[in-house]
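Enquirer: Next up is a structure, given as structure tokens.
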Amino acid sequence: MTRHGKNCTAGAVYTYHEKRKDTAASGYGTQSVRLGKDAIKDFDCCCLSLQPCRDPVVTEDGYLYEKEAILQYILHQKTEIAKKMKAYEKQKQALKSEGQLESKSEERDRAEKFKQRENNIVSKPINPFTSDDGRQNGSTSSSSSDTSAGESSSSSALPSFWIPSLTPEAKPTMLKKPSKTVLCPMSGRPLKMSDLISVRFTPLDPSLDRVALLTRQDRYVCAVTKDTLGNSVPSAVLRPSGAVVTMECVEKLIRKDMIDPMTGDKLKEKDIIPLQRGGTGFAGSGVDLKAKEARPVMQA
């Protein structure tokens, strides 16, 4: 099929190519794109700052962070939680005071209704010196004054249909009690400062300084086998020493004795933390890297 056939609009069949082209141009429907290598962070970069780590720490889920960045994040989250809790307590006190006022107003209304019923039982004496016209005039004047007062009060409290918070159906927004737990920005699981584990990368060339090391594509190696580390190499962090080794080294050497080769400490299964990688950008990397954009959906 020639290129002219793909763009032909006179065909009897709505092809897949035409459907994708129209969907992308319409602004509707979910779009998914596979990320390239330029959109993927390196394995030794912080998940928050996306820059190579000076003092790296890792969570129990294997996400790498710069120590300063993750501590600032935890402190910021605690501050936000304190603000939300203060607003929630203020709303709670306001609702409590409103409930007390409502109870008092209900008691007052009951007392007024009781007085009206008691007054209706006893007939009021008629003043013979006042005529019916005078009473009618007085009643009409009082009713007119009442209606004018009612109109002025209603006009001052008219609802606004342009502002959502002033519509007749609008209700005050109720705040929910905030959770005091700080969550990891990547995994969404609870995060504490004590859960952070220091990481020690083994540089490829110890004689190079940090600036010269960052300019190289291959910067770090396995602490045991000296294999080059990268996004295409599955790696793990050993909790006692913080050393970074390849998963091949873990499976072939470390799991036999379950001893940390750096410190000689006995290892448990939870002490071997697989490091989360960004991927290589290739389809065969084993990491599904897709970006999705949710857009409005047309409904019939």
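Enquirer: Within region 42-60, which residues are open to solvent by 50 Å² or more (accessible area, probe 1.4 Å) and within 23 Å of THR228 (Cβ to Cβ)?
Expert: First, pick out the residues of region 42-60 that are open to solvent by 50 Å² or more (accessible area, probe 1.4 Å): 42, 48-51, 54-55, 60.
Residues satisfying the conditions are ASP42, LEU50, GLN51, ARG54, ASP55.
Enquirer: Another one. What are the pairs, 6+ residues apart or on separate chains, where a residue within region 35-64 that is more than 20 Å from VAL221 (Cβ to Cβ) and polar (S, T, N, Q) has its Cβ under 7 Å from a residue that is open to solvent by less than 40 Å² (accessible area, probe 1.4 Å) and not in a loop (DSSP other than H, G, I, E, B)?
Expert: SER49/GLU66; SER49/ALA69; GLN51/CYS45
Enquirer: Mind checking which pairs have a first residue in region 239-257 that is among the basic types (Lys, Arg) and a second that is open to solvent by less than 10 Å² (accessible area, probe 1.4 Å), Cβ under 6 Å, 6 or more apart or different chains?
Expert: Matching pairs, first to second residue: none at all.
Enquirer: Could you check how many residues of region 61-73 are crowded, with 16+ Cβ neighbours inside 10 Å and either touching a Lys or Arg at 6+ places or on another chain (Cβ under 7 Å) or not hydroxyl-bearing (Ser, Thr, Tyr) (or both)?
Expert: So the count comes out to 6.
To keep it simple, each residue is scored yes or no on (1) more than 32 Å from the chain's Cα centre (by Cα); (2) crowded, with 16+ Cβ neighbours inside 10 Å; (3) among the hydrophobic types (A, V, I, L, M, F, W, C).
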position	(1), (2), (3)
LEU191	no, yes, yes
ASP195	no, no, no
TYR220	yes, yes, no
LEU267	yes, yes, yes
GLY278	no, yes, no
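Enquirer: Of the conditions (1) among the hydroxyl-bearing types (Ser, Thr, Tyr); (2) at pLDDT 85 or above; (3) assigned to a helix (DSSP H, G or I), THR23 fails just one. Which one is it?
Expert: (2)
Enquirer: Determine whether LYS226 is under 24 Å from ILE74 (Cβ atoms) and open to solvent by 60 Å² or more (accessible area, probe 1.4 Å).
Expert: It is false that LYS226 is under 24 Å from ILE74 (Cβ atoms) and open to solvent by 60 Å² or more (accessible area, probe 1.4 Å).
The values are calculated or read from the model by the stated rules, or taken from the named source; none is laboratory data. Keep in mind the model is a prediction, meaning the values are calculated, not measured. No Cβ is skipped: glycine too gets one built from the backbone with ideal geometry, and neighbour counts run over all protein chains shown. Accessible surface areas use protein heavy atoms only, side chains included; no ligands, DNA or RNA. Shrake-Rupley method; radii C 1.70, N 1.55, O 1.52, S 1.80 Å.
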